[in-house]
Structures are given as C-alpha cells and as structure tokens.
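Presented below is the structure to which this report refers.
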Ligand SMILES: NC(=O)c1ccc[n+]([C@@H]2O[C@H](COP(=O)([O-])OP(=O)(O)OC[C@H]3O[C@@H](n4cnc5c(N)ncnc54)[C@H](OP(=O)(O)O)[C@@H]3O)[C@@H](O)[C@H]2O)c1
Ligand SMILES: NC(=O)c1ccc[n+]([C@@H]2O[C@H](COP(=O)([O-])OP(=O)(O)OC[C@H]3O[C@@H](n4cnc5c(N)ncnc54)[C@H](OP(=O)(O)O)[C@@H]3O)[C@@H](O)[C@H]2O)c1
C-alpha cells in the first residue's frame, strides 16, 4: 500500500506548495496559502516516516525535537528588523542539510553511482557547502559580528577564480570516476572555502542581493538532491525556491539599475565601489528642531512618509505610525511611499510598517505614488537616503545614475530625518539635503519621531 | 546516442510550447511565441522520426503530405468569420487521432496492459471518440449543415446518462481485465454515439462554450495518450490544451453569468431555454435612414462602435473600418468596444477587426471602456444585441439578468444596426430599442455601413 | 505505483499549473489565436501516431496510424498557419496602411491617424480645412 | 538517459516555469514573507535527511543525517512560524486597532480613520471641533 501512499503524499505536497505560493500573491489569500504549504509539508514528512527504509527513530526524534525547539525560538523572538540576518541564517541551514545529505549519499553509494547521479551529487555538494559558508558570512556581516566593510586585496579575483576552478576540476574528476574517494573531501572543503571568499569582498549593505543569489543556489542544490534521491517533490521545492531567489535578485538589480551579470559575476569584485565617503567641503543645510517641523506639519493636508534603512536601524516604525495617526487626526492625508530597495531586503519596510499596524492600503509602491509627490505638502524622509537622491536622475557620473527614485523633491517641503550628514549605502552625497525646500531634522529616527508626536499633540491640546 | 537525443528533443519541445504560450500573452511577443512553438513541434517530429521503432516510412510520408496539404488549404482559404467552425473541426481531428492511437495500442498490447495503463487507455479512447463526434456535430451546427436549433425530446437526459453509464461500465470492465477484447468496440462505439447525443440538444449559438469544453476533453485525452505511450511531451501538451479549453469556457460562463456547473452538466438539458421568440405586441421604435444618421454623425466628437455577432454574419468588418476612418477624418475619436462574449467565440470580434486593419489599441475591452460611454456622442451598435441589453442590469426575471453588459445606453445617442426586430442569441427582447435616444438603422450591417460611408463622404465633399 | 506513472502525474500536475498561470494572462484580444495555437500544440499527438503508423505492427496498426497521422498533421500544419495568419493581422495604431481608401493622399492619412489618437484635442477642427 | 533522470528534468523544467509565473505576481508588499515561505518549503530537504538519518546505514550516515534533520527542521518550523507571524501583521485599513494611543476614544478613532481615508475631503475641518 505504501507503494501508492508515499508517492501520492509527495505529489500532493508538491501541489500544495504551489498552491501556497499562489496564495501569497494576494493579501486576501496569503494566510490560506501558508496553511496549504504547511499541510503539504506535513504530508511529505508523514509520507517519509512511514517508508520501509526508515528503521531507527531515536536520532530522528531527537533531531526533530531539537530542530523544532530552535526553529520556534528563533521565529518567535527575532525582531522584525533582524529579518535579513534570519533569512541568511536559514539559507545556511538549508544548504548545510543539502551538503550533508549529499556527503552521506556519496559514501553510501559511491561505487554504484551513475554518471548523471554523480554529476547531480557533485553539484549538490558544491552548491550546498558554498552556500552554507557564504550565507554564514552574510549573516555575520549583517549581524555585525564580522566587519561590514568589504575586505579587498590585490589579486583577489584571481585567487577566488583559481579556487573555484580547482573545486570544479575535482568535481569533474569525481563525476568521471566516482570511486576517487580522496577527491570528495577536497571538493567539499574547497566549496566551503570558496563560499567564504566569495562574500568577503562584498560590503554588508550589498548582502541582500547576495543572499537572494545564494537562495537560488540553495534551491538548485535542493533540486540536485532531488535527482540524487530520485524524489520529485524535492525537485519541485528546489525549483520553486531557486526561481524565487533568482527573481528577487533580478528585481533588486533592476531597482538599483545594476545589470544582472554585474551581480552574478560582479560579486567577485569590489561591488561597493561607492567611492570614498565623499570628503565634501562643508556646505550649508537648513536644519530644524522638532518644534519648528511640527508647526509646519500642523497645517499640512497631504503628507507622504518615505521610510528607509535608518527606520529599521532606529526601530522607529511604531513611533512613525503614531506620528501618522496624529497627522491624520489633524486632518492630513498620510501615505507611506516604499521604494523597491528601501531598507536592506525586498519588502523590508512593508514588514516593519505592518508590524507597527500600518494598514497595507496606506502603503504605496514607487510606481503608484511617484505622481503624487507634486501634490504633497510635506515629504517626510525617515532614514532613507539613496532612494531619494536626485543625482540618480541628473548626474551621469553618480554611481547610482539611472536608478529609479522616489520624487520627494517634487513635494512642497521635504523633511529629512537622519543622524548626521553621513551618506547612505551607495556612499554618495545627496543633493536633496542642500535644496532650499529641504529641512534636516537631525537625530535618531525614533527620537525625532517621538519629539514630533509630542509637539503635535501639545499644540493640538493648546 | 538516440537515448539522449530523442528524450531531449521532447523535453525541449515541451519547454518551447510553454514559451510559445507565454509569448501570446503580449502583442509584442506573440509572433515570436508562435515561432518558438513551431520550433518545438519540429524538434518533436524529428525526434520521433529518428527513433528506432519507426521502420517503414511509406505510409508516414503519404499521410504527412496529405495532412499538410489539407491543413495548408484549410488555413489559407478559410474566412475569418468561419473560425468557430474551424476550431470545432480541428478538435474533431485531434480527438480522432487520440482515439485511433488508443485503439491501435489496445490491440497491440492488450494482454500485457497494467491496470493503470489500461485506465489511461480507456479514458483516452472514451474522451477521444466522444470529442470526435461531438465536435463534428458542433461543426455541422455552426456550418449550418445540421439544423442549429436544439433538438429536444422527452427523457433525453435519462437516455444520454444511461448510454454514458453503459460506456463507463464497459470501460471499467476493460480496466479490470484488459483481455475482454469484445468490450473494446462497444466502448468506442458508445463513446462516439454519446458524443452525438450530447450535442444534439444544444442550440447552435451555445456551441462556443461546448467547443471549449470539448477542447479540454481533447486535451485530457491527449494527456491520457501520453500516459499510455509514456511520453511526457504529450502529457505537457495535453495539459496545456486542456487548461486552455477549461479557462476559456470559464471566462465565457462568467461573461454570460452562467455557473460553470450549468455548462458542465447543463449541456445535457435544454441550455437554450431562451423562451419562445418573445411574441411582443408591436411597440414603436424610432428608425432612421443612413442619410439622417450620417447627419448626426458629422458633428459627433466621440463615437464608440459596438460590434456583435451580426457584424460577422454580414462580414461587415471592412466597411465598418472604413466608416471609422471617415469618422476619424471628420474629427471624431472612434473606439471599438468589445464584450467578452460578443460574437460566437472568445476573441471573435478582435480577429475580425484585426482582419479589417483596425489597430488593436483602438479596440477596448468591456471593463476598460464602460466608463467612457457617458462621454460618447454616439454609441453605434452593429449587429450586437444581448451584450447591450439593459435588462441584464434591471430585470431579475430576464434570462440574461446579472450578465455584465456594455453601457451603451449611457451615450447621448444610440444607433443600432440590425436587420429587423429579431432577438439575439438569448432570445429576449431588448428595451434599448424602445428608448427615446435610440435610432434603429434597419438593414444588413454591411449595406448600412456602406450607406453611412457614402453619405458622410458626400456631405464632406459638398 | 510504477515510476513512470508517478513521473507522469508530476508532469500532468505541473503542466496544468503552468497552463493555467500562463493562459489566464492571455488578453481577450488573443483568445481566438490562443485557441488555434493550443490546437496546433495539441497536434503533438502526431508523434504518437507516427510511431504507430511507422513501426510495422500489422495492417490494423498501420491503417489506424496512417489516418491518425493525417488528422494530426492537419491540426499541426493548419493550426500554426492560421495562427500566423491571424497574428499577422493584429497591428498597433500606426500611419494608416496602404489598404485605406485615402492612402494615396499622405496629408489625409496623417490627419486621420492624428485625430483618431489625439482624441478631442483637435476634434473641433473646422471641416472646411479638410484637405479633400 | 534513464527514465528517472528524464522525468526529473521535466519536473525541474515545469516547476521552474510555475515558480517564475507565480512568484512574479507576488506584490512587493509580501516579498519578505515570500522569502521565508520559500525557505520553509525548501525545508522539504528534511525528507531526504530523514531517510539518511533513519535507515541505519552506519555511524557516518546517521551522524550526518541527524545534523541535516536538525538543520532542516529549524528551517521548516522556523520558516512557517515566522511567515505566519509576519502575515498576521498585514492588515487592510479598518477602524484603528486597540493598540492605537487613542483607541479608548471611539470618536477620535473614527475621525482619524475617516480623515486618513477620505483624504482632503474633510482635511479642512477646523481643529477646534476636535473631540479632544
Ligand atoms: N532593499 C533591498 O533589497 C536592497 C538590496 C540591496 C541593496 N540595497 C541598497 O540599500 C539602499 C537602501 O536605501 P535607503 O534609502 O533605504 O537607505 P540608505 O541609502 O542606506 O540610507 C540610510 C540612511 O539612514 C540614516 N540612518 C541610519 N541610522 C539611522 C537612525 N538610527 N536614525 C535616523 N537615520 C538613520 C543614515 O544616515 P545617518 O547615518 O546620517 O543617520 C543613512 O543616510 C539603496 O542604496 C539600495 O540600493 C537595498
Ligand atoms: N462570444 C462567445 O464566446 C459566446 C459564447 C457563447 C455564447 N455567446 C452568446 O452570443 C451572444 C453574443 O451577443 P451579440 O450581442 O454579439 O449577438 P446577439 O445577441 O446574438 O445578436 C446579434 C444580432 O445581430 C443581428 N444580425 C444578424 N445578422 C445581421 C446582419 N447580417 N446585419 C445586421 N445585423 C444582423 C441580429 O438581429 P436581426 O436578426 O434583427 O438582424 C441579432 O440581434 C451572447 O448572448 C452570448 O452569450 C457568445
């Protein structure tokens, strides 16, 4: 009977995973989709546990319990601002599992591997260990355990490529004759080392693109595992995971106006060539206190809030939501404008604002809102920088030239909340700050927002 | 080597078919998509011909040549107005091929059939022959070889269901023991008879929905053939064909506000219960000559043309395009408004207008244009009826109540071109014709359009 | 369940998902060409027919196979050709084509195109100016 | 080419098409939950790990398998839980929630919601009327 039940479990799981992804294309169906995917996973696990091959359960149960505990703890206590790190870490876990399964399979089946299976196995192990260490490095940089700045040295590209070359050569030799057992550890270790070296030269802020790319590698590795184990559900899940990672990195590249090749191969070089932190001569800017800003805000009818990475750093989402509520109570129409690469992860700002209870129909994407800035009395930029830089439109010499930006400079008044005059991720100065219509509100985003809320409430009460 | 080449040909063909369908989602890529699908087909055929199993080529070549000749002739000389018939006929051919292949396979492999394969084979043959005769009947009705009116008699449903029951029972017995060779012809013949009986009670005008449904059956039959022959490319193509048919019938149902179940199972009954041709007392309508109508048109700034089935009957698309050109030259903005079920096939009007060189960005779908009728000076309804009937909005007793319609009655003036006061496909009277703002231009659509063009050109010259 | 049946079910499931996702994005504009294109694609049953007709398994197989090959070929060739014929007809707005009655008069043609797309902008243009 | 490899390639091809078609329709709003959901789904590698850890093929397999099961389980459980946590946070516009500072005052809450959604319609409402 298992002959039918097990394959049908896997088939149903594959279908449910797709249904799950389809669900998440719409707010209305998102949670139902999640439940479908969960049901699929349950089916797949039950289907596996009733297989005849599975004989000892001790270690299994232990591992399942420990894994569930860690997974639960991680997902319940992690702050939303740390999502990029969490994603990096989970890719590391997934890739580790793929690499280890590949290793075990190799030693179990080594003399009887067909050429194709050996090829899939080598790919699985190569991508698995590479993604494992690469994602760990990305995690370290994002969590600031490791230095976030790119670590660059002369000849780095040559060294990395040579290493990858050796790893691939070992892989090819293994495929040609899988019994060369000595080569297997070489392959695994080189892949792991290459993963580290691949990420070393990349700045912390460029991590999201790299993470997405590693995501698609992890997916590919999972699909390869599916070929090795002849399990179609693994291939389906791997393909879904892989295409998601690939698509998101394409979306990020487009929104940063960088070519896809630049990310695929440019990651070998110094991607964050953003230049030295722009040793600019002191130029005057208009700055204002929260009190002055609040006075202007009192009379505003239309306010567009533009959140950026600084909002996440300051964990200011709740305060900003409060500010929006006060402004709305004051008679203003408040909208949030989100640039596709605001923050450090696709959808980063959306999750933060959702966490702070901002309804999602008050949040608009760049394309939707860009026409509305001309009617806005105030564009309030909170910890965003590059995504508002007019140089992207006007200055062909700027590293971000051509990147689509939010037209905050069309608003009547622009207010910018940031701590100082430091540049954003791209390391370029922002002309916006020197315009006449711009007011700088210096300070930590949370503190400034708090001040604004206080002032507004006080004046209303008065 | 063929071990690799043949499967890879099929695999590539499957991918190219999907690329082809993706192409046709956008005007810009449609023809490239078609070429991809053609390349896929070529690969698949070449892959098949180099297989070791294929030993005698005489009959093959003969059949290929004859088939190509007929196919070429049919597609080059068929008028665009006859597309519904053509589609019906091609489903018949496809289903016939599936049925015949199934038959041949059965007699070749009969003692060694596994249960599952036998099941797939029975499904293939059942659906194949059913779709073959059903589609031929649909063709006959559309081509008016057969009477278009529904042929209904008492107990029809019971007879049809009994017949289907016997066919299914024969199929089940065959699956349980494939060696019951006597049952096979019974199955095939009953399926063919059922296909005829299925379509007999359905009116000619309801054919499009039935054709789409038969399309999805043909797809399913092809997919079953894929299981029988263990050819994955056939499964892919069958699934694509099947989902296309299913989706189009769903779209048609929605646009007619009929439930999907009504089509799936209602086809057994008298679907066109549209009632007797509404023996209406003579009510006054305002009618006008082309001369009078042309005078009104001269001063119009915005004209929306609503084509319907009558345009196809009259083959008036070229004349109407000429009329649009003259109106545009006269200073009017001319748009075509297309209801999703205008005509007798999804996209029917679009093809006719495209044939007459109307650019597709001058053609708008119902949802796009419905808001614009209020600004229109003239809504010119050419051979359309049900899709403009306000009863769909206002009269819960009407058989078309709830069907979304084009808001022609919001235009300043409505002109309706039709031959008399006959109702449209749904058989209901149209209140639109009795409104004060409506002018009837009685006559064949082509003749009336010609008259309008002449009058307009004459007055311009004068 | 035999491995090939299992694989077939995966292919069926996934291809149906692909079909639905892709085809729901086909605009009504192309619904008729879509029908003829899927029809041509379904003509891939030709490959099944070819094997039956060509593998010399007796008169019945050859006869049935030959008819099936003919029928499928009609669909493949006819389906692709007519789709092509239809797609060629779809054109975006552009300077009026040579078939228009006034095509020989470039001024008229230009005006017609402009007024059609510019809408009411120049709709009030006095008719006396008409180049005819 | 072995039948299982061939079938695997079909599954890979079709699943990739499905993935691209579906995921490109995910709105930016849900890009972060999408990442954690695909991550959880990819945790299906758990089934591979389970077989290795549980089929008693020697200490190495069991050890590697156990680590792999732990890692995959973290992804599956953690991925689904955090996706759920995130999706729960996304809400459409509605009467301000209980967490708002002014939630105890129904009049104020109503006003805030209305003015936020009605836009400039009542933006000119004199402030003296404010229920506070
Ligand atoms: N979202 C993605 O998927 C993604 C992916 C890859 C790359 N990126 C890149 O990341 C950048 C995102 O642009 P962005 O505008 O969101 O951010 P940004 O350009 O990096 O600027 C962030 C700004 O926030 C300010 N800030 C930092 N901490 C703050 C605090 N506690 N309080 C107030 N302000 C604070 C910083 O200025 P001070 O230090 O002066 O305060 C900085 O100028 C883009 O360049 C994009 O290309 C994003
Ligand atoms: N498109 C699809 O996919 C599809 C599918 C299934 C069903 N249908 C049904 O088909 C109907 C389509 O609506 P429709 O408005 O396009 O057509 P309709 O309601 O069938 O009306 C067509 C009208 O054209 C007139 N006509 C016929 N020949 C003419 C000629 N030579 N010159 C001028 N007028 C002529 C007829 O009136 P006279 O006889 O008085 O001239 C008739 O009133 C809907 O009810 C729809 O539900 C469509």
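Just so it is clear, none of the values below were taken in a lab; they were calculated from the coordinates. All figures in this text were calculated on a predicted structure; none of them were measured in a lab. All Cβ positions, even for glycine, are placed from backbone atoms using ideal geometry, and neighbour counts span all protein chains on display.
Report, in deg cm²/dmol and to the nearest 500, the calculated mean residue ellipticity at 222 nm for chain A, where each DSSP H run with n ≥ 4 adds -39500 (n - 2.57) and the sum is divided by the residue count.
-19500 deg cm²/dmol
Per-residue counts of other Cβ atoms within 10 Å, averaged by peptide: what ranking do you get for A:290-299, A:128-137, highest first?
Output ranking for A:290-299, A:128-137: A:128-137, A:290-299.
Defining a contact as two alpha carbons under 8 Å apart and six or more residues distant in sequence, what relative contact order in percent does region D:1-98 show?
That works out to 28 percent.
Which chain A residue comes nearest the axis with its C-beta when you rotate A onto B, and by how many angstrom?
Taking the axis that maps A onto B, the answer comes out as A:232, 6.
Could you compute the FRET efficiency for residue A:461 and residue B:364, with r as their C-beta to C-beta distance and R0 at 56 Å, rounded to 0.05?
Computed FRET efficiency for residue A:461 and residue B:364 comes out at 0.55.
What does the average come to when, for each residue of peptide B:81-88, you count the partner chain Cβ atoms lying within 10 Å of its Cβ?
Mean shielding count: 3.
Distance in nm between label sites at residue C:88 and residue B:412, each 7 Å beyond Cα in the beta-carbon direction?
4.2
Starting with the highest mean, order A:151-161, A:30-40, B:224-234 by the number of other Cβ atoms within 10 Å, averaged over the residues of each peptide.
Output ranking for A:151-161, A:30-40, B:224-234: B:224-234, A:30-40, A:151-161.
Residue separation times 0.36 nm, minus the C-alpha to C-alpha distance between residue A:285 and residue A:149: what's the value?
46.1 nm
How high is the relative contact order of chain B, in percent, counting Cα pairs under 8 Å that sit 6 or more residues apart?
Relative contact order for chain B comes out at 13 percent.
How far is the Cα center of region A:306-356 from the Cα center of region B:19-85, in Å?
55
If you find the alpha carbon centre of region B:407-425 and of region A:195-240, how far apart are they in angstrom?
Measuring centre to centre over Cα atoms gives 60 Å.
7 Å along Cα→Cβ for the label point: how many nanometres lie between residue B:180 and each equivalent label in the other copies, listed shortest first?
Copy-to-copy label distances at residue B:180, shortest first: 6.0 nm.
Starting with the highest mean, order C:73-85, A:190-202 by the number of other Cβ atoms within 10 Å, averaged over the residues of each peptide.
Descending packing order for the listed peptides: C:73-85, A:190-202.
Defining a contact as two alpha carbons under 8 Å apart and six or more residues distant in sequence, what relative contact order in percent does region B:31-164 show?
26
Once each part is reduced to its C-alpha centroid, what is the distance from region C:1-63 to region A:86-110 in angstrom?
37
Return the FRET efficiency for the residue pair residue B:26, residue D:59: r is the Cβ-Cβ distance, R0 is 51 Å, and the value is rounded to the nearest 0.05.
So the FRET efficiency works out to roughly 0.35.
Enter the mean number of other protein chain beta carbons within 10 Å of the beta carbon of each residue in A:107-116, as an integer.
Rounded to a whole number, the mean comes out at 2.
Can you give the average number of partner chain beta-carbon atoms within 10 Å of each beta-carbon in peptide B:352-365, as a whole number?
For this peptide, the per-residue mean of nearby foreign Cβ atoms is 5.
So how do B:405, A:338 line up by other beta-carbon neighbours within 10 Å, fewest first?
Listed from fewest to most nearby Cβ atoms, that is B:405, A:338.
In nm, what does the list of distances from residue A:114 to its counterparts in the other copies look like, shortest first, when each label sits 7 Å along Cα to Cβ?
When each copy's label point is compared with this one, the spacings are 1.6 nm.
Provide, as a two-decimal number, the C-alpha radius of gyration of the protein assembly as shown over 2.2 N^0.38 Å, N being how many residues it has.
In units of the 2.2 N^0.38 Å rule of thumb, it is 1.04.
So how many Å³ per residue does the convex hull of the Cα atoms of chain B work out to?
Normalising the Cα hull of chain B by residue number yields 153 Å³.
Taking every pair of Cα atoms in region B:1-77, average 1/r, invert it to obtain the Kirkwood radius, and report Rg/Rh to two decimals.
In region B:1-77, Rg relative to Rh is 1.07.
Given the Cα atoms of region B:278-461, and with Rh set as the inverse mean 1/r over their pairs in the Kirkwood sense, what is Rg to Rh to two decimals?
Radius of gyration relative to Kirkwood radius: 0.93.
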